[in-house]
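All remarks here apply to the structure that follows.
The values are calculated or read from the model by the stated rules, or taken from the named source; none is laboratory data. Given the structure is predicted, the values throughout are model-derived calculations rather than measurements. Every residue, glycine as well, gets a Cβ built from its backbone with ideal geometry; the counts of neighbours run over all protein chains shown. Areas reflect the complete protein model, heavy atoms only, side chains present, ligands, DNA and RNA absent. Shrake-Rupley method; radii C 1.70, N 1.55, O 1.52, S 1.80 Å.
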Amino acid sequence: MKGDGSKAGGVLVLSAAAGAGHVRAAEALVAAFAAKGIAAKHVEVLKYASGFFKKIYSDLYVELVNRQPAILGLVYDALDRPWMHMKRRLALDRLNTRRLAKLLMEERPRLAVCTHFLPAEILLHLRRKKILDIPVGVVITDFDLHAMWLYRGVDRYFVACEETKVHMAALGVPPETIHVTGIPISPVFSSPGEKGQTRRALGLQPDLTTILVSAGGFGMGPVESLAKALQEVRHPIQVAVVCGKNAALKRRLEDLPAPAHPVKIVGFTTEMERWMAASDLLVGKAGGLTSSEALASGLVMVIVNPIPGQE
């Protein structure tokens, strides 16, 4: 089916659940479009990939972060070669994302915005083949640039900071296509409530210095060692640990000996803005979305053992 855009639908915002940040950025964009009265739909593209491919992109990533972060760093650096390996990547991605290509041709959006590099690659391939000719925007969800984000023919890049724009322009990306916008986050992070009230609502003590331990949406990183180390703090504190979707981590933390300081163990939450508003200090991961949300919340960050590569 050829797509000339004459009967195009709304806006598609495409993410990939390789880490939670890409999905959160996509959700923030859908909300922003809706606030402007523009119909937008979020598609998490790994749902339309082969099972093997999904394991490589998502499950293996989480496994390496938790068990072999040094290997993840080596892979990250090895692939950070601008404009190299593009044909091999496209061949592998096309082989494993045929259902995604079919969906895109059925939806025929009038605009696509990608918060992960995988759907951008597929969209640009379809355009080169004159199958689906629509504008493609790419939102880079890290503060720095990795070569995996680089494609010829992207209509608009949206980047976190001026340094990233300069870097991309030096690599040959047309400067007029690069826009410094910051990383998209929900506006709720910019309006934190009163600390004491928020703490009470979350079951915390209202007057204690509060440390938030963030493990990201997938519960990654040395969370247990952080939680134990915080019990050595001499100042009176309370600790909130957000474990994300890592149920095993939550169970292990709940089984730890009675703590010296009050600890609140939280699983996956859609109220991260409230936990940030209740806290004085964020300890843990330094992903692009978490960092942007903390900055918007006015929350001081202590970055511990950042994941080699993008963090």
Problem - Subset of the stretch 17-46 [of a type in the set (D, E, K, R) and free of Cβ contacts under 8 Å to residues at least 24 places away in the same chain] - result: 36
Practice task
Kindly check whether there is at least one residue in the stretch 100-108 that is touching a His at 6+ places or on another chain (Cβ under 9 Å), farther than 25 Å from residue 291 by Cα and buried (at least 16 other Cβ atoms within 10 Å of the Cβ).
Solution key: yes
Exercise for the section: Could you grab the pairs with beta carbons closer than 6 Å, sequence gap of 6+ or different chains, first residue in the stretch 285-311 and within 21 Å of residue 225 (Cβ to Cβ), second one open to solvent by less than 40 Å² (accessible area, probe 1.4 Å) and of a type in the set (Ser, Thr, Tyr)? Expected result: 285/214; 290/214
Exercise for the section: Can you confirm whether the stretch 199-214 contains a residue that is β-branched (Val, Ile, Thr) and either open to solvent by 50 Å² or more (accessible area, probe 1.4 Å) or within 26 Å of residue 62 (Cα to Cα) (or both)? Expected result: yes
Exercise for the section: Considering each residue of the stretch 185-202, count those that are of a type outside the set (A, V, I, L, M, F, W, C) and under 16 Å from residue 272 (Cβ atoms), and give that number. Expected result: 9
Exercise for the section: Return yes or no: is residue 151 closer than 18 Å to residue 16 by Cα and modelled with pLDDT of 95 or more? Expected result: no
Exercise for the section: Give me a count of the residues in the stretch 169-192 that are in a loop (DSSP other than H, G, I, E, B) and either aliphatic (A, V, I, L, M) or under 20 Å from residue 115 (Cα atoms) (or both). Expected result: 9
Practice task
Being under 17 Å from residue 262 (Cα atoms) and assigned to a loop (DSSP other than H, G, I, E, B) is the filter; apply it to the stretch 205-226 and report the residue that is farthest from the chain's Cα centre (by Cα).
Solution key: 207
Practice task
Could you check, for the stretch 170-186, whether at least one of its residues is touching a residue at least 40 places away in the same chain (Cβ under 8 Å) and farther than 23 Å from residue 298 by Cβ?
Solution key: yes
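Residues checked against (1) farther than 30 Å from residue 52 by Cβ; (2) of a type outside the set (S, T, N, Q); (3) touching a Lys or Arg at 6+ places or on another chain (Cβ under 6 Å); (4) open to solvent by less than 40 Å² (accessible area, probe 1.4 Å):
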{"residue": "79", "(1), (2), (3), (4)": "no, yes, no, no"}
{"residue": "84", "(1), (2), (3), (4)": "no, yes, no, no"}
{"residue": "111", "(1), (2), (3), (4)": "yes, yes, no, no"}
{"residue": "141", "(1), (2), (3), (4)": "no, no, no, yes"}
{"residue": "160", "(1), (2), (3), (4)": "yes, yes, no, yes"}
{"residue": "166", "(1), (2), (3), (4)": "yes, yes, no, no"}
Fill in the blank from the handout: residue 67 vs (1) basic (Lys, Arg); (2) modelled with pLDDT under 85; (3) within 19 Å of the chain's Cα centre (by Cα): all pass except (3)
